[in-house]
Amino acid sequence: MWGFYFNELMRSLPIFLKGLWMTVSVSGLSLIAGTIIGFFWGIIRSGKGRILRRLIGAWVDLIRGTPFLVQIFVIFFIFPEAGIQLEAFPAAVIALTNLAACFICEIVVGGIQAVPSGQREAATASGLSAYHRLRYVTLPQAMRTILPPLVGQYVLIIKDSSIVSVIGVIDVTRAGWLTVQRIPEGIMVFGLVGILYFIICYPLIHLSSNLEKRMTVVATRL
Amino acid sequence: MGALLVGTVACAIRLSQSRIVSCIAGVYIESIRSTPLLAQLYFFYFGLPSLGIMFSEEVTGIFALTLNSGAYMAEIIRAGIQSIPHGQIEAGIASGLNYFQRMRYIILPQALGVTILPLLGQSIVLVKDSSLLSLISIMELTRAGQMLTSERFMPAEGFLTTAAFYLIIYYILKGFSSWVQKRLIFREAY
């Protein structure tokens, strides 16, 4: 019986590969957009404008405080009531981008705060403009604190992308869910799903811990 | 709570001298950490019956959530234990304490100070992750929102209420965590 199911599973492998591509594209798009927006928000949030700072802070708290599943339901089910009808794919990318941006914003704020304020004062004293201060003094030093958790966050986002399967985006998880209706061998089907995610995430987890080690070495050497 | 127990045990095993046992715990932790919870949930939900093990949805859900959270907590506790200076352990051995006494009286109390904040953070994640249980038809907060949507066609009310409840839990945990943080700083300064 196992052999038969295994052959069946191998025959439906193309669905899984298509799902894998969907997972990669949804999380890839969201990661790129989320990183850009997250850095932008993080820089604003550690800047001077008080209203903007509060606004972004409240938004980040709101997103971090509610489960991603609820957020995706809000976008997919409530937005149509307001007249914004979204396909599953854009809805998934928007929700995931927003989530990524919020978490990355928090990481960026932490990184910028870790830079000693003397650095910024010295830059101001040298007559650098706000943009140059950020570009040449603060950000390069903050990157050392930002990079390891950033890669770790990427792993979390890729894993969270499995949740978009519930609104009908056919990613790896959804492919597994569809297959298990035909092949009642859950361990095998979701074992395969697990392996596919493992292939993406495991190298990233290692990259993150490697970066962490290397960055601390650099910090002590200085 | 169960997750904390699993985490501590898995971590103790991971750090044990025996290479094979430590390797098994390592495989458990790594495989949980690099696959999404939803896939794990489906794995147990669809997988256990095919092995002939029938649990109710609640038991399956709690089981999966415990295993998932346990792996993350094991990593946090491991970092905490490894942050303790090696001299402490050696002093414990020199005083003639056995492994469990060393863990109980010397290492864990000190590690707690380092691990308590990440552990609280993990419990916030756990509360949010529990929303996924609604997908295997366990009646919890998110499911309640879904029911309201499908039965009375009120998605806005349903999901916004759900979100509000999660926010309340989040702020309580976050407040608790910053209270603990203040107390920790105070103790260190003292």
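Figures for the structure shown
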quantity: Length-normalised contact order for chain A - Cα pairs under 8 Å, 6+ apart - percent; calculated: 30 percent
quantity: Förster radius 56 Å - calculated FRET efficiency between B:Ser56 and A:Leu13, Cβ distance, rounded to 0.05; calculated: 0.95
quantity: For residues of A:185-198, the mean tally of beta carbons on other chains within 10 Å; calculated: 6
quantity: Förster-model FRET efficiency, 60 Å R0, B:Val127 and A:Ser126, C-beta, rounded to 0.05; calculated: 0.80
quantity: Ascending count of other beta-carbon atoms within 10 Å, so fewest first, for A:Cys105, B:Cys23; calculated: B:Cys23, A:Cys105
quantity: Taking B:Met103, A:Met10 and counting other C-beta atoms within 10 Å, the order from fewest to most; calculated: A:Met10, B:Met103
quantity: Under the Debye formula (equal points on every Cα, no solvent term), log10 I(q)/I(0) of chain A at q = 0.13, 0.15, 0.17 Å⁻¹; calculated: -0.85, -1.02, -1.18
quantity: Of the DSSP H helices in chain A, those whose Cα atoms cover at least 24 Å axially and whose Kyte score averages -1.0 or more; calculated: A:13-45, A:88-114, A:139-160, A:186-221
quantity: Percentage of interatomic Cα-Cα distances in the protein assembly as shown larger than 34 Å; calculated: 37 percent
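The numbers here are math on the coordinates, done by the rules we state, and not lab data. Worth saying up front: this structure is predicted, and the values here are computed from it rather than measured. No Cβ is skipped: glycine too gets one built from the backbone with ideal geometry, and neighbour counts run over all protein chains shown.
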